[in-house]
Amino acid sequence: MELRIQNLSKTYPNGVRALRDVTLTIPNGMFGLLGPNGAGKSTLMRTIATLQEPDSGSIQLGDIDVLREKERVRRVLGYLPQEFGLYPSVSAEALLDYFAGLKGIRDGAERKAAVESLLQQTNLWDARKKAVGGYSGGMRQRFGIAVALLGSPQLIIVDEPTAGLDPTERNRFLDLLSEIGENVVVILSTHIVEDVTELCPHMAIIAQGEVVATGSPNDVIGEIRGKVYRTKTEKAALAQLREQHEVISSKLVAGQPVVRVFSETPINGIFQPAEATLEDVYFHRLARKAKGVEA
Ligand SMILES: Nc1ncnc2c1ncn2[C@@H]1O[C@H](COP(=O)(O)OP(=O)(O)OP(=O)(O)O)[C@@H](O)[C@H]1O
């Protein structure tokens, strides 16, 4: 199964251009969609999930025309939205059973087996009798993925699932995602660069509604490899460095700014060459987009 998005555009009635001519081919496996707040990730996810219409463009999932055959899409779709409501006083087991019924799993024994297996898989088995209202953020997200996985979907969309999770719960959630399988399309939308580096063989960076990079993390990093330099500096020197160089990022390390810059030509002096990272590409592309420079 392959998801092909072509020339997708969307402008909201208030004039915000959330998607601008987005074209992406998403193969089986984990695909990371990386972008800052407001980049258009949720708009794209909701459009693929048949919850809203674009102004123009097309989406094809295998032989399904996503924008025209919504029912067919919904049968093979598992969607974990950024925010979802639950019935707080109901136990995870009862609620998952209810959602399984909605998903069309009518046979009682089959439904029980599906619910049990998903509660095990998401590590919620021991907490299955607890009301979901008492679940922690991480447990809620794992419950959300259990719901999304009902009915063995072929296309799984998870929209910013790790935002707000502590590191242990985040790792647990990412492990769970990576076990889902290679024969389904999994789209992980996130603003956390490490989520993508650690997990996704394919990815895209989206900024201001446009795809600004796509490929494997290694390909994407390859575009700036050998062009990243770093230096330790003083806070007072930062403004001048920004004027003289294309600064990718500056971080305080033990109180001292460490600055990473992009340069097409070798620079020396106070700078040392640095190993390019996905985070460098991300900040570099966002900065260029914000300045209106083509990458
Ligand atoms: N229903 C809407 N009406 C008007 N503007 C909207 C609507 N939904 C989103 N937007 C705007 O469209 C742009 C893209 O929003 P979207 O939620 O798709 O981005 P995102 O990358 O998912 O960001 P976030 O991480 O903040 O959710 C933003 O500027 C947002 O304010």
Give the residue from I26, A204, G78 lying farthest towards the positive end of the charge dipole for the range 3-216; charges sit on Cβ (+1 for Lys and Arg, -1 for Asp and Glu) and the dipole is referred to the Cα centre. G78
Please state the charge dipole magnitude for the chain, taken about the Cα centre, from unit charges on C-beta atoms (+1 on K and R, -1 on D and E), reported in debye and rounded to the nearest 20. 560 debye
Applying a 10 Å radius around every beta-carbon, put 165-178, 135-148 in order of their mean neighbour count, most first. 135-148, 165-178
note: the chain, Cα-Cα separations exceeding 37 Å make up a percent value of 23 percent
Out of all DSSP beta bridges in the range 3-216, what portion is antiparallel? Express it as a percent rounded to 5. 50 percent
Sorted from fewest to most neighbouring beta carbons within 10 Å, what does the list T11, T47 look like? T11, T47
Would you mind classifying the range 127-166 by shape? Square roots of the alpha carbon gyration tensor eigenvalues, ordered a ≥ b ≥ c; an a/c under 1.5 is rounded, otherwise it is prolate if a/b is larger than b/c and oblate if not. oblate
In nanometres, the difference between 0.36 nm per residue of separation and the alpha-carbon distance of Y98 and R75 is 6.6 nm
Please work out how much length the chain gains when fully extended from T23 to W125, using 0.36 nm per residue of separation minus the C-alpha to C-alpha distance, in nm with one decimal. 32.7 nm
Taking R0 as 51 Å and r as the Cβ-Cβ distance between L252 and Q52, the FRET efficiency 1/(1 + (r/R0)^6), rounded to the nearest 0.05, comes to 0.80
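Each reported figure results from applying straightforward, stated rules to the coordinates on display, with no laboratory input. In this text, all values refer to a predicted model and were calculated from it rather than measured experimentally. Virtual Cβ from ideal backbone geometry, glycine too; neighbours counted across all protein chains shown.
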